[in-house]
Amino acid sequence: MGKKRRLFTGNAPIGGKGLKSRRVARVVTSKYHAIRNEMQSCGDNKERMAELEKELEAIGGTDKYQQASIVSTSHFKTSRWVVKMIEQHLGRSSAKIRVLEVGAINIQLHSVAWLDVRSIDVNSQHPLIEELDFFDLPPEQAFDVVVCSMVVNCVTEAAKRGEMLARLRGHLRSEESLLLLVLPSRCIESKHCGAARFESLLGGLGFGFQAPLKTTPRLFFYTLRRGVSRYLGSEEADKLGGKEVSEDDSLQQPPLDSAPKAKSDKKNPKDRKRKRKSEQADEHTDVEHVEEEEAWVLETRAALTSLLPRQLLKHFSSDFSQVPPTEFCINIAPSLTC
Ligand SMILES: C[S@@+](CC[C@H](N)C(=O)[O-])C[C@H]1O[C@@H](n2cnc3c(N)ncnc32)[C@H](O)[C@@H]1O
């Protein structure tokens, strides 16, 4: 009989003791999201905000929410899928594979000897999980794998969700590096997103898709490479955008291995213009300091403007401020496109 592998021994789930029932856990997580969403949209209404803060406290706040998340996801071991995808796509090597886990509520990946894991969460539940907001971690292409499971959907602003996706790519070391992204299907399939549009956006950000795409009735599991984009054919793009696409609309995509590089301005006239503007600023102002944009911003801009069909770029640049917070949508801020 084959020896049963026990990857995750020694690390009992953390924080989950107070909750056992999956049904109760689901009630807590949906209530938490509903309150956070309303907080996002209640603007200057201080009275309502105070009520919502009380409601949040009454359900046990973020700690309880994280405990509930552990229970809700305990039937499916995301970490098991993560390890399987890393083995399948990168293999094991003598050097440890560097992994960043964003929004970590357990330390299961830390038990895998051949991984060097950095776990972060804005509200840490364990000493091995650094308490850090993902947006405060500069993307420096330092990781072979980034795991981001059920986190983008927790970000309350549409533009921040877009920024998160772009920043995730900025943490990946090379074209082969992997982003393992998990999202609830109800988000991906929402009216303002939609699986086809969402996947085009991922391609437009420069990501390449790796089979298999795993789905369950509740979740989508994406395995994405930093590079090697899958581009839309014009027929697909027409369907999604609902409009005629002109020939110069960048649907004839560059070859897979020539995804736009941040520092090159050869292909993108907008980049050339921007560079010239910045040079002119340097010429005319001795005192004024023109701040350099970060590599991930330049890369995102170059990728989106050349890889995402214009009508989809328009869609994701829409003002979604009137969309109710319960409806998942993603916005790409102007700073990332022009
Ligand atoms: C629904 S839980 C998902 C946990 C786990 N990754 C999983 O798949 O079960 C979302 C987690 O993301 C964390 N989170 C949300 N926004 C974050 C941010 N900006 N930076 C770091 N962590 C964040 C939350 O604190 C929470 O622990």
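Worth a mention:
- Taking amide hydrogens as placed 1.01 Å from N in the peptide plane, the amide H of Leu219 sits under 5 Å from those of Ser185, each at least 5 positions away in sequence or on another chain.
- In this label model, Ala195 and Ala333 are separated by 3.1 nm, measuring between points 7 Å along each Cα→Cβ vector.
- Mean Cβ neighbour count within 10 Å, used as a protection proxy, ranking 197-204, 186-193 highest first: 197-204, 186-193
- The label-point distance for Asn123 and Ser94, in a model that sets each label 7 Å from Cα toward Cβ, rounds to 4.5 nm.
- Taking the average, over residues, of other Cβ atoms within 10 Å as the packing measure, peptides 93-100, 156-163 rank 156-163, 93-100 from highest down.
- Amide H partners (placed H, <5 Å) of Arg98, local residues excluded: Asp116, Asp144, Val145
- In a reduced charge model with +1 at each Lys and Arg Cβ and -1 at each Asp and Glu Cβ, region 108-159 shows a dipole moment near 180 debye about its Cα centre.
- Fewest-first ranking of Ile107, Ile120, using other Cβ atoms within 10 Å as the exposure measure: Ile120, Ile107
- Cut-off under 5 Å, modelled amide H: who pairs with Leu179 long-range: Val146, Leu224, Arg225, Arg226
- Packing order of peptides 164-170, 43-49, highest average first: 164-170, 43-49 (average count of other Cβ atoms within 10 Å over each peptide's residues).
- Entries in Lys31/Lys54; Lys64/Lys96; Lys191/Lys314; Lys77/Lys191; Lys77/Lys214; Lys54/Lys191 that, when Cα-Cα distance is taken, lie over 24 Å: Lys64/Lys96; Lys77/Lys191; Lys54/Lys191
- Cα centroid separation, region 89-135 to region 157-197 (Å): 19
- Taking other C-beta atoms within 10 angstrom as a stand-in for reagent exposure, Phe221, Phe328 fall in the order Phe221, Phe328, fewest first.
- Across region 304-319, computed HN-Hα scalar couplings (Karplus, 6.51 cos²θ - 1.76 cosθ + 1.60, θ = phi - 60°) run 4, 6, 9, 9, 9, x, 4, 5, 6, 4, 5, 4, 6, 8, 4, 7 Hz from first to last residue, x flagging Gly and Pro.
Each value in this text was obtained by applying a stated rule to the coordinates, not by laboratory testing. Since the structure is predicted, the reported quantities are computational estimates derived from the model, not experimental observations. Positions of Cβ are generated from backbone atoms using ideal geometry, with glycine treated the same way; all protein chains shown enter the neighbour counts.
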